[in-house]
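Notes for the one structure printed next.
Readers should treat all values here as calculations from the given coordinates under stated rules, not as data from a laboratory. Not measured: the values here are computed from a predicted model. Cβ atoms come from the backbone with ideal geometry, glycine included; neighbour counts cover every protein chain shown.
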Amino acid sequence: MRMCICCNTKMVENCGIKVKWAGYGIDLTDDENKLYGGRLGEPKMAICPSCGEVSIYLADVEKLKN
Ligand SMILES: [Zn+2]
C-alpha cells in the first residue's frame, strides 16, 4: 500500500501512463546510455485521490538487485 507523501492518504495504485496521440509505452532503465540494455519494464503510477499527488514506481524491482 502506498501512502501519499503530501497528505498521507492511501493512494490508488496500478495506474498507467499513456503518451497522448501515440501507442508508445514507456520503459524505465537503470542506465539511460544503453540503447537496449538495462530495461527495467514499464512504470506504474499511484495517484492520491485526495490531493492529486502522482507517484511513479516500478512494480518489479527484482531487476534492480542484479
Ligand atoms: Zn495526497
Interchain or long-range residues, amide H under 5 Å from L40's placed H | L28, T29, D30
So for the stretch 12-65, taking the charge dipole from beta-carbon charges (+1 Lys/Arg, -1 Asp/Glu), which of G38, C48, G25 sits furthest toward the positive end?
-> G25
Cross-link partners of K63 among aspartates and glutamates (Cα-Cα below 19 Å; sequence separation of 8 or more within a chain) | D27, D30, D31, E32, E42
Descending Cα extents along the principal axes, the chain, whole Å | 38, 34, 17
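So which chymotrypsin sites (Phe, Trp or Tyr not before Pro) in the chain are both in a DSSP loop and have at most 12 other Cβ atoms within 10 Å of their Cβ? Present the calculation step by step, with values, prior to reporting the outcome.
Numbers: sites: W21, Y24, Y36, Y57; in loops: W21, Y24, Y36.
Passing sites in the chain are W21, Y24, Y36.
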Residues whose modelled amide H sits under 5 Å from the amide H of M45, counting only those 5 or more places away in sequence or on another chain, are N14, C15, G16, Y57
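Counting trypsin sites (Lys or Arg not before Pro) as exposed when in a DSSP loop with at most 11 other beta carbons within 10 Å, what is the longest stretch of the chain free of them? Present the calculation step by step, with values, prior to reporting the outcome.
Working: sites that count: K18, K20, K34.
Counting at most 11 other Cβ atoms within 10 Å as exposed, the longest clean stretch of the chain is 35-66.
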Normalised by the residues of the stretch 12-65, what does the relative contact order come to in percent, with Cα pairs under 8 Å and at least six apart?
-> 32 percent
